[in-house]
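Structure, as structure tokens:
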Amino acid sequence: MSEFELIVADDRTLPLVQHLRYRVYCAEKQFAMAGADHEARILVDSADRLGVTFALFEGAELVSSAQVIPVNPLATDARFAVFDLASTLPRPDQGAVIVSKLVTSKDRRGSKTLGPVMRAVLEFVAAEKRRYIAILAETSMRDFYASMGFEALKEGIEAAPFGTVTLMVFDMKDERHLSGKSLAGWMFKPVFAR
């Protein structure tokens, strides 16, 4: 049986996260990413200090990570302009987070690694009292995010180097989640019972 441990990355573990990002985005997907250090084989992101980065370990191996960045949709940092949350969210005044750099090592995709990461993201959003979770989804991930309760709000967004992506949003106040009728609402019912 697998033993997972989810932590908030700090100065000691962030280099491991940056290496996993490098493996997925630069080595595997061959994206030309800003912040890539090809000698050190890490992918540094200036947004790392803006929120939290969750790191999921199985034993000593980092298997997945996600960056969660709180934003004010009405005054978004220029780095996140591609999300266009002010004009896309139904209630931009109720706060949001952006999930970025959600990566899983190639040999662990399709395993049970996303559950602990998703729970941590939902708990973070609930604790921050924000309403929305926004993510830019590549075509191959749209169905997965939709199954978790994310809705496609804007399609055809050009986001280099990822290509054409879809803005998908999870609404923490969606009745499907609150009543446990969505997959996320069912899996993480205690988060919505607060």
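The values are calculated or read from the model by the stated rules, or taken from the named source; none is laboratory data. Values in this document were obtained by computation on a predicted structure and should not be read as measured data. Reconstructed Cβ throughout: ideal geometry from the backbone, glycine too, with neighbour counts over all protein chains shown. Remember, those area values only see protein heavy atoms, side chains included, never the ligands or the DNA or RNA. Shrake-Rupley method; radii C 1.70, N 1.55, O 1.52, S 1.80 Å.
Side notes on the structure shown:
- Any pair with Cβ under 7 angstrom, 6 or more apart, that starts in the range 67-87 at a residue that is of a type in the set (G, A, S) and ends at one that is outside any loop (DSSP other than H, G, I, E, B) and surrounded by 15 or more Cβ atoms within 10 Å (Cβ to Cβ): A86/P73; A86/P92
- Selection within the range 1-30: residues that are of a type outside the set (D, E) and in a loop (DSSP other than H, G, I, E, B). The member of this set that is surrounded by the most Cβ atoms within 10 Å (Cβ to Cβ) is A9.
- Residue within the range 139-155 that is part of a loop (DSSP other than H, G, I, E, B), open to solvent by 10 Å² or more (accessible area, probe 1.4 Å) and in contact (Cβ under 8 Å) with a residue 12 or more places away in the chain present: yes
A quick yes/no check of all residues on (1) farther than 28 Å from E3 by Cα; (2) open to solvent by less than 40 Å² (accessible area, probe 1.4 Å); (3) over 16 Å from the mean Cα position of the chain (by Cα):
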site: A96; (1), (2), (3): yes, yes, no
site: T104; (1), (2), (3): no, yes, no
site: R108; (1), (2), (3): no, yes, yes
site: G115; (1), (2), (3): no, yes, no
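- Where E39 falls short, out of the listed (1) part of a helix (DSSP H, G or I); (2) open to solvent by 40 Å² or more (accessible area, probe 1.4 Å): (1)
- Hey, A134 of a type outside the set (D, E, K, R), assigned to a helix (DSSP H, G or I) and either in contact (Cβ under 8 Å) with a residue 24 or more places away in the chain or out of contact with any strand residue (DSSP E or B) (no Cβ under 9 Å at 6 or more places or on another chain) (or both) or not: no
- Across the range 165-194, the number of residues qualifying as open to solvent by 70 Å² or more (accessible area, probe 1.4 Å) and either in a strand (DSSP E or B) or free of Cβ contacts under 8 Å to residues at least 24 places away in the same chain (or both) comes to 7.
Let's see how each residue does on (1) assigned to a loop (DSSP other than H, G, I, E, B); (2) charged (D, E, K, R); (3) in contact with a Leu (Cβ under 9 Å, 6 or more places away or on another chain):
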site: A81; (1), (2), (3): no, no, no
site: S100; (1), (2), (3): no, no, yes
site: K112; (1), (2), (3): yes, yes, no
site: R119; (1), (2), (3): no, yes, yes
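- The range 42-51, subset surrounded by 20 or more Cβ atoms within 10 Å (Cβ to Cβ) and among the aliphatic types (A, V, I, L, M), residue farthest from L122 (Cα to Cα): I42
- Test set (1) part of a loop (DSSP other than H, G, I, E, B); (2) of a type outside the set (F, W, Y); (3) out of contact with any Pro (no Cβ under 7 Å at 6 or more places or on another chain) - M33 fails condition number: (3)
- Flag if E123 is in contact (Cβ under 8 Å) with a residue 24 or more places away in the chain, within 26 Å of E58 (Cβ to Cβ), surrounded by fewer than 17 Cβ atoms within 10 Å (Cβ to Cβ) and in contact with a strand residue (DSSP E or B) (Cβ under 9 Å, 6 or more places away or on another chain): no
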